[in-house]
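*Asks:* What follows is a structure written as structure tokens; I'll ask about it next.
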Amino acid sequence: MRDVEFKARVLDAPVEVEGALEMLRELIEPEARHSSAALAALRGCRDLDSVVENFSDELGIESGVSGIGRPGANTVSDLIGAGFLKSGVELVGVAVLGEVVALLLPDGGLELGARSYATPTSAALAATGSADVDGWDFWHVAVASGPISLSQIRREFNRDVG
């Protein structure tokens, strides 16, 4: 992830470094090893104009505007980057057979058993076996006042920055 951030900053440098853009594209290709971590790291560099300009489709942001200027969180990684969630926290979901626990990964993915999932919904699908589950509503974080869903956390964050 540090390598991606470094390459993104090099890409934004006033001096052009040959191959920097191609190296970043290779790191985030879906077939690349650790591509979700690389994409999460690149998402953290949305304040760089060159990242917004060259990776707007991959990051789901409008080109021509600063990624930081577009408030709101669309992914778990956005919430981690903003400090609303911390990697390593346990997420709990309730399935037919009882509670299911997943670990929040630094890239915004979820570790469920021996497998990692890129999104809350893909992890919830694996936990429940149901294609009709929204992972943002399924997964909860335990807080002093009681469990709070990822969707509630995202709504609160987007309300605060909006």
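*Asks:* Taking just the alpha carbons, could you work out the radius of gyration and Dmax for segment 90-162, both in angstroms?
*Replies:* Calculated on Cα positions, Rg and Dmax stand at 12.1, 39 Å.
*Asks:* If exposed means no more than 11 neighbouring beta carbons inside 10 Å and the site is in a DSSP loop, what's the longest run of the chain without any exposed trypsin sites (Lys or Arg not before Pro)?
*Replies:* The answer is 87-162.
*Asks:* Now a separate question. Could you tell me the accessible area of residue 99 in Å² (1.4 Å probe, neighbours in place), rounded to the nearest ten?
*Replies:* The accessible area comes out at roughly 140 Å².
*Asks:* Then there is this: Choose one answer from 127, 37, 20: the residue with the largest mean-square fluctuation in a GNM of the chain with alpha-carbon springs under 10 Å.
*Replies:* 20
*Asks:* Just to confirm the number: angle between the C-alpha axis of helix 2-11 and the first principal axis of the chain, 0 to 90 degrees, nearest 10?
*Replies:* Long axis of 2-11 versus the principal axis of the chain: about 40 degrees.
*Asks:* For the full complex of protein chains and a 1.4 angstrom probe, list 78, 49, 137 by accessible area with the highest value first.
*Replies:* Solvent-accessible surface, decreasing: 49, 137, 78.
*Asks:* Distances longer than 13 Å among the Cα atoms of segment 1-53: what percent of all pairs is that?
*Replies:* Cα-Cα pairs of segment 1-53 separated by over 13 Å account for 52 percent.
*Asks:* While we're looking at this one, here's another question. For the chain, rounded, prolate or oblate, judged on the Cα gyration tensor with a ≥ b ≥ c (square roots of eigenvalues), a/c < 1.5 rounded, else prolate if a/b > b/c?
*Replies:* Cα axes put the chain in the prolate bin.
*Asks:* What does the charge dipole of the chain about its Cα centre add up to, to the nearest 20 debye, if the Cβ of each Lys and Arg holds +1 and the Cβ of each Asp and Glu holds -1?
*Replies:* 500
*Asks:* Round to the nearest 10 and give me the degree value, 0 to 90, for the angle of helix 49-59's Cα axis relative to the longest principal axis of the chain.
*Replies:* 40
The values are calculated or read from the model by the stated rules, or taken from the named source; none is laboratory data. What you see is a predicted model, and the numbers here were worked out from it, not measured in a lab. Don't worry about glycine lacking a Cβ; one is built from the backbone with ideal geometry, like all the others, and counts go over all protein chains shown. SASA here: full protein model, heavy atoms, side chains in, ligands and nucleic acids out. Shrake-Rupley method; radii C 1.70, N 1.55, O 1.52, S 1.80 Å.
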